[in-house]
Amino acid sequence: KYNIAVVGASGAVGEELFRVLEEVKFPINDLLPLASANSAGIEVECQGNTYKIEELTESVFEGRDIDIAFFSAGGSISAHYAKYAVEAGAVVIDNTSHFRMDPDVPLVVPEVNPEDIELWEDTGIIANPNCSTIQMVQLLKPLHDLYGIKRVDVSTYQAVSGAGKAGMEELVRQMQDFFAFKLDESEVKAFAHKIALNVIPQIDTPQPNGYTKEEMKMVNETNKIMHTDFAVSATCVRVPVLRSHSESITVTFKEGVDVSVAEAREALDNFENVKVVDDLETHQYPMPIISTDTDYTYVGRIRKDIFAENILHMWGVADQVRVGAATNAVRIAQKWIK
Ligand code: HSE
């Protein structure tokens, strides 16, 4: 059994981590929930036991014999504190973007590149990719292995929970204000604009090339995880959905490759943790309301391009707090302990 620390224990991903650890019956000996001083003393439950959140400090890992430290408290926290967990002997599974593109740190989606976990010893850190990237590479991997991808174009429809609890609370508050006829006065804090009854085509900071940081994460992380160098272009959009990111994905295969819808469905359906839901006639397709609280990446609307035989379109949806964060981190830990 293992001693686990969870940094960011009071956040949306931290809370989900406790649920996933319990559901998969992760072999826990002791659990150390950590957060800022504001949350110290709050109790968390996992596997029938109650643990008190302690304040994250540089010395909190010393002498605690932690085997695995999950970090989900933002990049600046990981940048400062991950080294103390590593020095105390833990492997850090980091859910922030801080280490993701470090060439010495493996970036892992266990269904896609489980072999990279072995590289953890170089730094003591394994990076968990961005949520939108995780669900996309789960759909790209089976198609790329069989047919060879040349280019991917993706538009995302990202839930407010991608911005944590503050994002969810802001959407709920604005909807309440809407029904009280005071949406105009509703506070705008978590996002740049009102998110209720709106969509916002910007997630994270602008980059010099006209893309956003979230979009460039999808470009760079996809190729690092898949060990590829195909072209990716992303447009990332925030939508007023509480949980689960949706993605419209266009895959261009190499010249001359002609993948039928049936072949694509079969390849996707056979891939671990992917489910095909795809029948327009009976209105069956992936949506946030079917994926939320599940550990699958759902895919549907699989169709061939009207004009080019080597282009396929599909629609993928997954609960990004689970598949795209907590569940992926726990799946990494499960592979690491083997
Ligand atoms: N960057 C994501 C979002 C969060 O804002 O939706 C998941 O890592």
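Nothing in this text is a laboratory measurement; each read-out follows from the coordinates by a stated rule. Keep in mind the model is a prediction, meaning the values are calculated, not measured. All Cβ positions, glycine included, derive from the backbone under ideal geometry; neighbour counts span all protein chains shown.
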Sequence-distant residues sharing a close amide H with VAL277 (under 5 Å, placed H): VAL299, GLY300
Residue-by-residue Karplus 3J(HN,Hα) for the stretch 144-159, coefficients 6.51, -1.76, 1.60, Hz, glycine and proline x: 5, 4, 8, 10, x, 8, 9, 7, 10, 10, 9, 10, 9, 10, 9, 5
Debye intensity ratio I(q)/I(0), log10, the stretch 131-197, q values 0.19 Å⁻¹ (C-alpha model): -0.75
Cα-based reach from LYS213 at 13 Å (exclusive), listing aspartates and glutamates while leaving out same-chain residues under 8 positions away: ASP204, GLU221
Whole-Hz ³J(HN,Hα) from phi, Karplus 6.51 cos²θ - 1.76 cosθ + 1.60, for the stretch 187-200, glycine and proline x: 5, 10, 9, 6, 10, 6, 9, 4, 9, 5, 6, 9, 10, 10
Gaussian network model of the chain, Cα within-10 Å springs - most flexible of GLN320, GLN135, GLN284: GLN284
Sites HIS80 and LEU280 - FRET efficiency at Förster radius 41 Å, r taken between beta-carbons, to 0.05: 0.25
For the chain, Kirkwood radius (reciprocal of mean inverse C-alpha pair distance, Å): 20.7 Å
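Of LYS52/LYS275; LYS52/LYS194; LYS150/LYS189; LYS275/LYS304, which ones are farther than 29 Å apart at the Cα?
Details: LYS52/LYS275 38 Å; LYS52/LYS194 36 Å; LYS150/LYS189 40 Å; LYS275/LYS304 19 Å.
The answer is LYS52/LYS275; LYS52/LYS194; LYS150/LYS189.
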Rounded to whole Hz, the Karplus (6.51, -1.76, 1.60) HN-Hα couplings of the stretch 66-80, x for glycine and proline: 6, 8, 10, 10, 8, 10, 9, 10, x, x, 5, 5, 4, 4, 8
